[in-house]
Amino acid sequence: MKALRADLLDFTAAPAWGATADAAVRWRPDHWLLVADDGRIAGVQAEDPGDGVERHCHRGRLLLPGFIDTHVHSPQVGVMASYGTELLDWLNTYTFPAESAWADAAVAAAGTAHFLDALLAHGTTAAVVFPTVHKVSAEALFQQASTRGMRIIGGKVLMDRHAPPALLDTVAQAERDCIDLIQRWHGQGRNSYAVTVRFAPTSTPAQLAMAGELCRADSSLYMQTHVAENRDEVRWVAELFPQARSYLGVYETAGLLHPRSVLAHGIWLDDNDRSALHAAGAQVAFCPSSNLFLGSGLFDWPAAVRSGFNVSMASDVGGGTSLSMQRTLADAYKVQALAGQRLTAWSALHSATRGAAQALGLEGEIGSLEPGLMADLCLWDKSLTPIDTHRQAMARDLHEQLFAWLLLSDERHLASTWVAGQEKYKRRTSP
Ligand code: GUN
Ligand code: ZN
């Protein structure tokens with residue numbers, strides 16, 4: 001048994017939209033989190049657990065459940081901050097060439113190691129990940145996530161048209177690869193398989209139907225894709241699928257909307273789409289950094305709240321410009337502000353922890369500091385610089401303190417990350 005002393009923050013329910021004080025916020029300052037030898041949280045207490053326990057004192061630091069990034073691309077770390085394009089040109093100019101290199105198993109393995117270590121160095125312990133079309137890229141993801149003990153959902157990307165030849169599969173080969181990967185990795189350790197449709201324009205109707213069949217055959221599989229991100233993309237989908245009711249309708253018809261579906265972006269949806277997402281129990285991964293960087297648009301979160309579908313938070317690197325969930329959440333606040341809305345620190349942090357876990361059906365494993373859950377944790381300095389130290393001193397209540405931390409901190413504030421009770425990242429330099 002070990003014990004970590006810090007200021008503990010997590011959520012017991014979803015905080016109400018706009019509420020800066022909410023009973024769902026569980027703030028336990030200067031408490032001890034007990035971690036059992038099996039990597040699970042054993043309890044939380046105010047009292048010192050005593051000599052028999054390996055004690056780590058991080059008094060004054062902030063201990064949160066490990067962040068969950070519900071949409072991120074492992075081969076796109078080197079694509080971040082590519083100048084001057086919107087989505088479709090960005091894919092062709094920067095992203096497809098970068099992904100083509102991952103046909104080589106050694107390139108995929110090295111890139112995946114770099115990517116997963118970077119997630120840990122940003123406090124992210126669980127992620128829903130797009131690798132590339134190549135089977136070796138999914139192999140590398142599951143293998144290397146396993147050696148790190150991370151909670152990963154992913155799958156080989158399906159794309160059989162409208163991309164360079166080096167990035168195309170076929171329906172038959174893709175089906176064989178998916179079935180093999182599912183058999184070997186789905187439910188192995190902390191890996192889950194996601195049927196991964198890149199987006200409607202890069203899959204033929206036959207491939208979409210095959211993806212739907214895979215989902216129908218095993219309801220424990222996840223599904224991930226992109227939807228309604230960019231206006232030119234939406235117009236292109238309407239041309240490619242003239243019979244479809246909407247972009248989302250393409251996925252609906254193919255049988256790809258279900259409670260384990262994670263759809264990135266969802267900016268250009270209508271109320272029928274929102275109702276369909278709610279009815280299916282699917283979630284949208286909101287990617288504010290990417291949406292701003294690529295000039296895609298402003299996600300309407302209050303409309304999602306009204307429709308009742310789940311929203312989780314995602315970096316969408318390399319469309320997004322940082323793996324930091326604080327930077328992502330800060331961008332989410334600014335996107336909502338542009339639409340005349342305000343996102344509280346509580347709704348923001350909930351959506352990157354317990355809210356994401358619940359939307360993924362993983363609330364019994366990750367997302368809060370509840371006994372029995374895995375000890376996936378991130379430990380943060382509240383301030384590092386003269387500026388944010390001053391700002392913290394000015395905070396008049398808990399929401400102000402955490403909101404200022406959220407807006408002014410990033411991965412440099414991370415002290416340590418634990419996965420299943422094992423410290424997998426520790427900052428080397430002193431603050
Ligand atoms: N739509 C299809 N592929 C991608 C991708 O790699 N990133 C983003 N942001 N949108 C996409
Ligand atoms: Zn994406």
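The values are calculated or read from the model by the stated rules, or taken from the named source; none is laboratory data. Since the model is a prediction, treat every value here as computed from it, not as a measurement. Glycine also receives a Cβ, built like all others from the backbone with ideal geometry; neighbour counts cover every protein chain displayed. The area values use the complete protein model at the heavy-atom level, side chains included, leaving out ligands, DNA and RNA. Shrake-Rupley method; radii C 1.70, N 1.55, O 1.52, S 1.80 Å.
Scoring Thr20 on the criteria (1) assigned to a helix (DSSP H, G or I); (2) open to solvent by 50 Å² or more (accessible area, probe 1.4 Å); (3) of a type in the set (Val, Ile, Thr) leaves a single failure, condition (1). Close contacts from the range 81-104, counting a first residue that is polar (S, T, N, Q) and a second that is within 15 Å of ligand 2 (Cβ to nearest atom) and open to solvent by 60 Å² or more (accessible area, probe 1.4 Å), with Cβ to Cβ under 7 Å and a gap of 6+ residues or different chains, come to Ser82/Tyr94. Of all the numbered requirements in (1) within 12 Å of ligand 1 (Cβ to nearest atom); (2) on the phi > 0 side of the Ramachandran plot; (3) not hydroxyl-bearing (Ser, Thr, Tyr), Leu91 misses one, and that requirement is (2).
Can we say Val77 is surrounded by fewer than 23 Cβ atoms within 10 Å (Cβ to Cβ), aliphatic (A, V, I, L, M) and touching a His at 6+ places or on another chain (Cβ under 7 Å)? Criteria met by Val77. List, please: which pairs have Cβ atoms under 6 Å, are six or more places apart or on different chains, and start with a residue in the range 392-404 that is closer than 14 Å to Leu62 by Cβ and end with one that is open to solvent by 30 Å² or more (accessible area, probe 1.4 Å) and in a helix (DSSP H, G or I)? Once the first residue is closer than 14 Å to Leu62 by Cβ and sits in the range 392-404, its partners that are open to solvent by 30 Å² or more (accessible area, probe 1.4 Å) and in a helix (DSSP H, G or I) give Ala395/Gln401; Ala404/Arg391. Restricting Leu349, Leu343, Leu406, Leu379 to residues that are of a type outside the set (Lys, Arg), part of a loop (DSSP other than H, G, I, E, B), open to solvent by less than 40 Å² (accessible area, probe 1.4 Å) and modelled with pLDDT of 95 or more narrows the list to Leu343.
Each residue in the range 236-252 was checked for being more than 20 Å from Ala280 (Cβ to Cβ) and within 14 Å of ligand 1 (Cβ to nearest atom), and 2 pass. Within the range 309-336, residues that are farther than 18 Å from Trp90 by Cβ and within 14 Å of ligand 1 (Cβ to nearest atom) sit with their Cβ atoms under 9 Å from residues that are outside any helix (DSSP H, G or I) and of a type in the set (A, V, I, L, M), at 6+ positions apart or across chains, in these pairs: Thr328/Met313; Thr328/Ala314; Thr328/Ala352. For the range 409-431, taking the residues that are assigned to a helix (DSSP H, G or I) and in contact (Cβ under 8 Å) with a residue 40 or more places away in the chain, the one that is surrounded by the fewest Cβ atoms within 10 Å (Cβ to Cβ) is identified as Glu411. Look at the range 259-274: where a residue is among the polar types (S, T, N, Q) and a partner is away from ligand 2 (no atom under 15 Å from the Cβ), sitting 6+ places away or on another chain with Cβ atoms under 6 Å, you get Ser261/Ala282. Residues that are touching a Phe, Trp or Tyr at 6+ places or on another chain (Cβ under 8 Å), assigned to a strand (DSSP E or B) and away from ligand 2 (no atom under 16 Å from the Cβ) within the range 64-73 comprise just one, Leu64.
When residues in the range 124-176 are screened for being free of Cβ contacts under 8 Å to residues at least 24 places away in the same chain and closer than 16 Å to Thr196 by Cα, 4 of them pass. Criterion applied to Trp27, Trp90, Trp32 was being aromatic (Phe, Trp, Tyr) and over 27 Å from Ala357 (Cβ atoms), and the one residue passing it is Trp90. Entry remark, the range 367-376: residues being surrounded by fewer than 24 Cβ atoms within 10 Å (Cβ to Cβ) and under 22 Å from Leu263 (Cα atoms) number 0 in total.
Within the range 40-63, being part of a loop (DSSP other than H, G, I, E, B) and buried (at least 17 other Cβ atoms within 10 Å of the Cβ) holds for one residue alone: Pro49. Annotation for the range 331-344: no member residue is under 16 Å from the mean Cα position of the chain (by Cα) and polar (S, T, N, Q). Do any residues in the range 18-32 that are over 16 Å from Glu47 (Cα atoms) have Cβ atoms under 7 Å from those of residues that are in a loop (DSSP other than H, G, I, E, B) and open to solvent by less than 60 Å² (accessible area, probe 1.4 Å), where the two are at least six apart or on different chains, and which pairs are they? Close Cβ pairs (under 7 Å, with a partner that is in a loop (DSSP other than H, G, I, E, B) and open to solvent by less than 60 Å² (accessible area, probe 1.4 Å)) amount to Gly18/Thr344; Ala19/Thr344; Thr20/Thr344; Asp22/Pro15; Asp22/Ala16; Ala24/Ala13; Ala24/Pro15; Val25/Pro15. So, of the residues in the range 235-285 that are among the acidic types (Asp, Glu), outside any loop (DSSP other than H, G, I, E, B) and within 25 Å of the chain's Cα centre (by Cα), which turns out to be nearest to Ser307 (Cα to Cα)? Among residues in the range 235-285 that are among the acidic types (Asp, Glu), outside any loop (DSSP other than H, G, I, E, B) and within 25 Å of the chain's Cα centre (by Cα), the one nearest to Ser307 (Cα to Cα) is Asp271.
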